[in-house]
Amino acid sequence: MTGATPRFITADGLARLRAEYDQLFGHERPKLVEVISWAAGNGDRSENGDYIYGRKRLREIDRRLSHLARVMKAAKVVDPAAQATNAVRFGATVELADDDDARRVVTIVGDDETDAGAGRIGWSSPIARALIGAKVGDERIVHLPASEKSYEVISIYY
């Protein structure tokens, strides 16, 4: 995904990815290499749980490190504070109300820093695409795989 689609990210999101990379590369991976080396010296590797699990976990860590490196290299940091604040843009935190007046707060972030539980949604998600450009008071219809849902923009802040 490094081709035509930019990998927009907030400075906080990039810092979180960098911290995860540093933790894996600087702490977890060296400890695991040490355990694997110790386990390899214990003889038969085919029935050595520490060795087998360690090698498997090392491959997982290496794959994650590779992914994080690609994401960070392709990342284009966008400063939400530099956006026009009268409409929904990348980095906006938006309070929404649905037809039943149920309120929801979402922040539009890069696809690599999404966390639905924390209200951070990727900028290419259906709801974010529907909200981009909306102003306070606008109603937007979000096309979901199973249905459509209407939201009113209550407030926007950066």
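The values are calculated or read from the model by the stated rules, or taken from the named source; none is laboratory data. Predicted, not measured: the structure shown is a model, and the values here were computed from it. Cβ sites come from the backbone with ideal geometry, for glycine too, and all protein chains shown count toward neighbours.
Some notes on this structure:
- Checking A69 against (1) closer than 24 Å to R18 by Cβ; (2) assigned to a loop (DSSP other than H, G, I, E, B); (3) out of contact with any strand residue (DSSP E or B) (no Cβ under 8 Å at 6 or more places or on another chain), the condition it does not meet: (2)
- Residue check for S147: outside the structural domain of K31 (by TED's automatic domain parsing), free of Cβ contacts under 8 Å to residues at least 24 places away in the same chain and loosely packed, with under 13 Cβ neighbours inside 10 Å: yes
- Hey, A116 loosely packed, with under 15 Cβ neighbours inside 10 Å, without any contact (Cβ under 8 Å) to a residue 40 or more places away in the chain and within 24 Å of A74 (Cα to Cα) or not: yes
- Test: residue in region 92-105 that is part of a helix (DSSP H, G or I) and in the same structural domain as V142 (by TED's automatic domain parsing): no
- The residue that is farthest from P6 (Cα to Cα), among those in region 122-147 that are in contact with an Asp or Glu (Cβ under 9 Å, 6 or more places away or on another chain) and in a strand (DSSP E or B), is E139.
- Screening E60 against (1) within 28 Å of S150 (Cα to Cα); (2) charged (D, E, K, R); (3) loosely packed, with under 15 Cβ neighbours inside 10 Å leaves a single unmet condition, (1).
For every residue, the table says whether it meets (1) of a type in the set (S, T, N, Q); (2) assigned by TED's automatic domain parsing to the domain that holds I108; (3) modelled with pLDDT of 95 or more; (4) surrounded by 13 or more Cβ atoms within 10 Å (Cβ to Cβ).
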position	(1), (2), (3), (4)
A19	no, no, yes, no
D22	no, no, yes, no
F25	no, no, yes, yes
S66	yes, no, yes, no
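- Any chance P6 is surrounded by fewer than 16 Cβ atoms within 10 Å (Cβ to Cβ) and within 17 Å of S125 (Cβ to Cβ): yes
- Inter-residue pairs, beta-carbon under 8 Å, first among the polar types (S, T, N, Q) and in region 32-56, second in a helix (DSSP H, G or I) and surrounded by 15 or more Cβ atoms within 10 Å (Cβ to Cβ), 6+ apart: N42/Y51; N48/A39
- Members of region 1-55 that are within 30 Å of A92 (Cα to Cα), in a helix (DSSP H, G or I) and not basic (K, R): A11, D12, G13, L14, A15, L17, A19, E20, Y21, D22, Q23
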